[in-house]
Amino acid sequence: MAPLSQRHRREDFEAHRVYEYPQHLRQAIEDAPTGAGVYTFHGQEGDLPLYIGKSIHIRARLLSHLRTPDEARMLRQTQRISYIRTAGEIGALLLEAQMVKAQHPLFNQKLRRNQQLCSLQMTAQWPQVVYARDIDFACEPELYGLYASRHAALEALRALADQHKLCYGQLGLEKLPAGKACFRSAIGQCAGVCRGDESPQAHRERLLGSLLALRVACWPYPGAVGLVERDGDFTQIHVIRHWCYLGSAPSVEAARQLSRNASQVAAHFDADSYKILCRPVLTASVEILRL
Ligand SMILES: [Zn+2]
């Protein structure tokens, strides 16, 4: 670590440079498409991806990067900008999520790792933490919420209990000695199932009610579907199976082919794709083809 005075000087220097217009990117941005898609800022060494972003209007989004002083450092390091057009917003969102996950760009801050992805599954007893690496979340019933870790899942359950005065003992969050009420019931934070103020059945119903908004929807089709997006003559069919994005194709035939080829690959449930696709698939707000 540099001495404080030196660090200050460097920060001043950086702040001064913030206002330098990244001239070297001007032409690239003028040439950028106006439609939807994904863009990549490439750095010096080995064309390394520095940042991957998406927009329904690529050129306007790039211009807004130039107006963001916090991004000056990234823009100075950028040597080249590349684009992949998509026919709409869903395609841009899916492709961006896929590319960020595959390429780990330096300046994309969100870590999108799926290894620990878990959910709460209701059992006869209480909600258990289950992992996407063990079961397919797309077809498993009674899943509530998507969490980045076991810790996050249990925190969410605890928050739900606090909000609805549910008993930590009944939820498996706390081990109660037989016949003993929990501490929270004494201070009015548990409605008292543990001391007979409420039946276990009533408690369970309240728990299920409180979980409802978190429910993970099962994949509603027997197989793959294509989500159709169009921008003028440009058509894309996004191939989706079990909430997994398998790629995009220009025609129904190519989409079927893609779906067949991808069937060999074990695509894992992915929280990003699920969040992007949930509304368009469940509300059929876009054209959906059975493949
Ligand atoms: Zn209690």
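Note: relative contact order over the chain, using C-alpha pairs below 8 Å and six or more positions apart, is 14 percent.
Please find the FRET efficiency linking Asp31 to Leu208, where r is the Cβ-Cβ separation and R0 is fixed at 41 Å, and quote it to the nearest 0.05. Approximately 0.15, to the nearest 0.05. In terms of its alpha-carbon gyration tensor, the range 225-290 comes out oblate; a/c meets the 1.5 threshold, while b/c is at least as large as a/b.
Going by neighbour counts of Cβ atoms within 10 Å, the residues Glu205, Glu71 line up, fewest first, as Glu205, Glu71. Note on the range 129-284: with charges restricted to the Cβ of Lys and Arg (+1) and Asp and Glu (-1), its dipole about the Cα centre is near 480 debye. Remark on the chain: Rg and Dmax equal 24.7, 75 Å (Cα only). In straight-distance terms, cross-link reach from Lys101 covers every one of the lysines whose alpha-carbon lies under 20 Å from its own, apart from those fewer than eight places away in the same chain; here that gives Lys54, Lys110, Lys275. Dimensions of the range 84-200 from C-alpha coordinates, computed as largest minus smallest value along each principal axis and given longest first, are 62, 29, 24 Å. If r is the Cβ-Cβ distance from Glu155 to Glu89 and R0 is 25 Å, what FRET efficiency results, to the nearest 0.05? So the FRET efficiency works out to roughly 0.20. A simple rule links phi to the HN-Hα coupling: the Karplus curve 6.51 cos²θ - 1.76 cosθ + 1.60 with θ = phi - 60°, which for the range 220-229 gives x, 10, x, x, 7, 10, x, 9, 9, 10 Hz, with x for Gly and Pro.
Ordered by the number of other Cβ atoms lying within 10 Å of each residue's own Cβ, fewest first, Cys194, Cys218 fall into the sequence Cys218, Cys194. Taking the Cα centre of the range 115-159 as origin and assigning +1 to Lys and Arg Cβ atoms and -1 to Asp and Glu Cβ atoms, the resulting dipole is close to 180 debye. Gain on full extension, evaluated as 0.36 nm per residue between Arg76 and Gln163 minus their Cα-Cα distance, stands at 26.5 nm. Each residue of the range 243-250 is assigned a 3J(HN,Hα), and the resulting list reads 6, 9, 8, 9, x, 10, 9, x Hz, derived from the Karplus form 6.51 cos²θ - 1.76 cosθ + 1.60 (θ = phi - 60°), x at Gly and Pro. Between Arg260 and Arg67, the modelled labels are 5.0 nm apart [label points 7 Å from Cα along Cα→Cβ].
Footprinting exposure proxy ranking of Ile288, Ile240, Ile81, fewest other C-beta atoms within 10 angstrom first, gives Ile288, Ile81, Ile240. Note on the range 151-245: Cα-only Rg and Dmax are 21.4, 70 Å. In plain terms, the chain from Gln189 to Cys218 could stretch by 7.1 nm, reckoned as 0.36 nm per residue minus the Cα-Cα distance.
Rule-based calculations on the coordinates, nothing more; no lab input. All figures in this text were calculated on a predicted structure; none of them were measured in a lab. No Cβ is skipped: glycine too gets one built from the backbone with ideal geometry, and neighbour counts run over all protein chains shown.
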